[in-house]
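The values are calculated or read from the model by the stated rules, or taken from the named source; none is laboratory data. It should be emphasised that the depicted structure is a prediction, and the values quoted were computed from it without experimental measurement. Quick reminder, even Gly has a Cβ in these numbers, built from the backbone with ideal geometry, and neighbours come from all protein chains shown. Accessible surface is based on the protein model in full, side chains and every heavy atom, while ligands, DNA and RNA are left aside. Shrake-Rupley method; radii C 1.70, N 1.55, O 1.52, S 1.80 Å.
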Amino acid sequence: MVATRRRRLPSLNALRAFEAAARHMSFKDAAEELNVSQSAVSHQVKALEDTLGFPLFTRGVRSIELTRRGRLYFPVVRSAFDALAEGTDLLLSRQSAQSLTLQVYATFTIRWLLPRLARFHAEHPDLEIRLTTAQSDPNFARDDVDAAIIVAAEPPPKLAREYLFSAELFPVCSPGFRQRVGEKSTPGELNSRQLLQVYPSAEDWRVWLAAQNLPELDPEQGLQLESYDVAIGSAVAGMGVALGQQPYVSRDLAAGTLVEMFPGCRVANPRSWYLVWRRENESDEKTLHFLRWMLAEIEADDDLPRDPGLSQPPSG
């Protein structure tokens, strides 16, 4: 019998206090959001620091700042709370006569799909989208999903599919990090420890580095993270250089929380984005309604390049 690893989880209230304080950079504003006293937030954060055995904030007379470990921990905790909120909303959403269960990568869900879904529901009030997130692609013979959005060089031939869009890979970092390493730094000046690696998508960094003729840089020596969302959040916090692509970082670039580290050094992602579903359900109206909506949203997004040669008009 395999022993189950015991989870080491701090207090949920302490994590909530830390996440709110780190997001606002203020114990006072965090207290107002959580509807508790400023003293309660301060005590919860101190209890979390005692549990972890190291400080998360540097406290000044009128301000707080995240420590190095605090900057590392914040995007992880924030991502976990985002996932909990998403799952709770899914469970509490209304039931309808028609629903489409869609599997999507977590980062694409958070950073591109969710902000647009209200428009789909407005256009199709009788069709409910049930989202399930995963880092791996679905097994339609086993998994209870109707369709999935995947990234692939070529989708499995036994599935119905529609090409959605392509993307480019390019390093991004916080403005502060860029200033520290030098505004005129070149790709050759990177070191492996600066790279924020998304281990389920390990080949992406290697594609970009190979295109820059930098095979000696090893992204496996950098910080290993479970998703693009966590990696991008870590880059925003100044922890290093993340690899970006359009579905994920457009808002951060527009807001100035991220900058493109080496303008002019974008590399085409050899994999493209597809909607896939069961071949036997190729004419399923629910899937085709969602597909038509997706194609319209992609067409309206100037950051997502489509290759007309790969697109096939959806039937039905």
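Brief remarks on what is shown
- VAL76 being under 30 Å from ALA134 (Cα atoms) and either surrounded by 15 or more Cβ atoms within 10 Å (Cβ to Cβ) or touching a strand residue (DSSP E or B) at 6+ places or on another chain (Cβ under 9 Å) (or both): yes
- For ARG111, the requirement of being at pLDDT 90 or above, touching a helix residue (DSSP H, G or I) at 6+ places or on another chain (Cβ under 9 Å), exposed (fewer than 14 other Cβ atoms within 10 Å of the Cβ) and assigned to a helix (DSSP H, G or I) is not met.
- Filter result (open to solvent by less than 30 Å² (accessible area, probe 1.4 Å) and among the acidic types (Asp, Glu)) within segment 159-175: GLU162
- Test result for ARG178, open to solvent by 50 Å² or more (accessible area, probe 1.4 Å) and over 15 Å from the mean Cα position of the chain (by Cα): no
- The selection criterion, being assigned to a loop (DSSP other than H, G, I, E, B) and either at pLDDT below 85 or open to solvent by 60 Å² or more (accessible area, probe 1.4 Å) (or both), holds for PRO125.
- Taking residues in segment 280-298 that are of a type in the set (Ser, Thr, Tyr), and partners anywhere that are open to solvent by 10 Å² or more (accessible area, probe 1.4 Å) and assigned to a helix (DSSP H, G or I), the pairs with Cβ atoms closer than 8 Å and at least 6 places apart or on different chains are THR287/ASN281.
- Against the conditions (1) within 22 Å of the chain's Cα centre (by Cα); (2) open to solvent by 70 Å² or more (accessible area, probe 1.4 Å); (3) of a type in the set (Asp, Glu), GLU86 satisfies every one except (2).
- Residue count for segment 128-155, restricted to those that are of a type in the set (A, V, I, L, M), without any contact (Cβ under 8 Å) to a residue 60 or more places away in the chain and open to solvent by less than 50 Å² (accessible area, probe 1.4 Å): 3
- Test for THR101: is it over 30 Å from LEU209 (Cβ atoms) and surrounded by 14 or more Cβ atoms within 10 Å (Cβ to Cβ): yes
- Scope segment 25-70; condition assigned to a helix (DSSP H, G or I), aliphatic (A, V, I, L, M) and open to solvent by 70 Å² or more (accessible area, probe 1.4 Å); matching residues: none
- Restricting the first member to segment 67-81 and to residues that are more than 12 Å from ARG16 (Cα to Cα), and the second to residues that are of a type in the set (Ser, Thr, Tyr) and assigned to a helix (DSSP H, G or I), the beta-carbon pairs closer than 8 Å and six or more apart or on different chains are ARG71/SER234; LEU72/SER234; PRO75/SER234.
- Verdict on ALA211 being under 17 Å from the mean Cα position of the chain (by Cα) and small (Gly, Ala, Ser): no
- Among all positions in segment 45-58, there is no residue which is in contact (Cβ under 8 Å) with a residue 60 or more places away in the chain and over 30 Å from ALA152 (Cα atoms).
- So ALA118, is it small (Gly, Ala, Ser) and within 29 Å of ILE232 (Cα to Cα): yes
- Residue in segment 192-203 that is open to solvent by 60 Å² or more (accessible area, probe 1.4 Å) and in contact (Cβ under 8 Å) with a residue 60 or more places away in the chain present: yes
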